[in-house]
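A.B. asks: Please find one structure pasted underneath; my questions will follow.
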Amino acid sequence: NSETFWTTTGMFPQEFIIGFPKCVKISKVAIQCYLVRTLRIERSISKDPVGFEQCVEKDLQHTEGQLQMEEFPLPEFQATYLRFIIKSAFDHFVSVHRVIAEGT
């Protein structure tokens, strides 16, 4: 829903986890967010959201007054859970508006 978003509580790091019904193959993850400086994506292939391993970490560009749109290609990538860690920000609060995982 484009009218909703997740926002941080003001201190970093902040994180959220997205779970899939089973282990899936992901070819790309895209995120729309605002004021995120450093983002890390981790994955777990466990039945429960434990044992995460880092997949990608990136410093995002500051886009004043606009949503940041980032894509992360992940070839031959499997996950049951994705953990998104916002390590730092350009302001005290950030928001995440959309996360898209493409694959099978």
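The values are calculated or read from the model by the stated rules, or taken from the named source; none is laboratory data. Remember, predicted model here, so these are calculated numbers, not experimental data. For neighbour counting, all protein chains shown are included, and Cβ atoms are generated from backbone atoms with ideal geometry for every residue, glycine included. For accessibility, only protein heavy atoms count, side chains too; no ligands or nucleic acids. Shrake-Rupley method; radii C 1.70, N 1.55, O 1.52, S 1.80 Å.
A.B. asks: I want the local charge near I45. Using Cβ-Cβ distances under 15 Å, sum +1 for each Lys or Arg and -1 for each Asp or Glu among the other residues.
C.D. replies: Numbers: positive: K22, K25, R43, K47, R83; negative: E42, D48, E53, E76.
It works out to a net charge of +1.
A.B. asks: Excluding ligands, DNA and RNA, what is the solvent-accessible area per residue of the chain at a probe of 1.4 Å, expressed in Å²?
C.D. replies: Values: 6450 Å² over 104 residues.
That works out to 62 Å² per residue.
A.B. asks: Report in % the part of the accessible area of the chain that belongs to carbon and sulfur, leaving out ligands and nucleic acids; probe 1.4 Å. Don't jump to the answer; show the numbers that get you there.
C.D. replies: Details: 3250 of 6450 Å².
Carbon and sulfur: 50 percent of the exposed surface of the chain.
A.B. asks: So how strong a dipole does segment 1-85 carry about its Cα centre when Lys and Arg Cβ are +1 and Asp and Glu Cβ are -1, to the nearest 20 debye? Numbers along the way, then the final one.
C.D. replies: Numbers: 9 positive and 11 negative charges, 59 e Å.
Roughly 280 debye for segment 1-85.
A.B. asks: Continuing with this model, one more query. State, to one decimal in nm, how far the label point of E57 lies from the label point of C23, with both points 7 Å from Cα in the Cβ direction.
C.D. replies: It works out to 2.6 nm between the two label points.
A.B. asks: While we're on this one: Would you please state which residues of segment 43-79 a label at E102 would reach in this model, taking the label point 7 Å out along Cα→Cβ and a backbone N cut-off of under 11 Å?
C.D. replies: Residues passing the 11 Å test: 71-74.
A.B. asks: Follow-up. What is the Cα convex hull volume of the chain when expressed per residue in Å³? Intermediate values should be presented prior to the final figure.
C.D. replies: Details: hull volume 10.4 nm³, N = 104.
Roughly 100 Å³ of hull volume per residue.
A.B. asks: Sticking with this structure for a sec: Return the long-range amide H neighbours of V24 (sequence gap of 5 or more, or a different chain), with a cut-off of under 5 Å between placed amide H atoms.
C.D. replies: The list, which skips near neighbours in sequence, is A79, T80.
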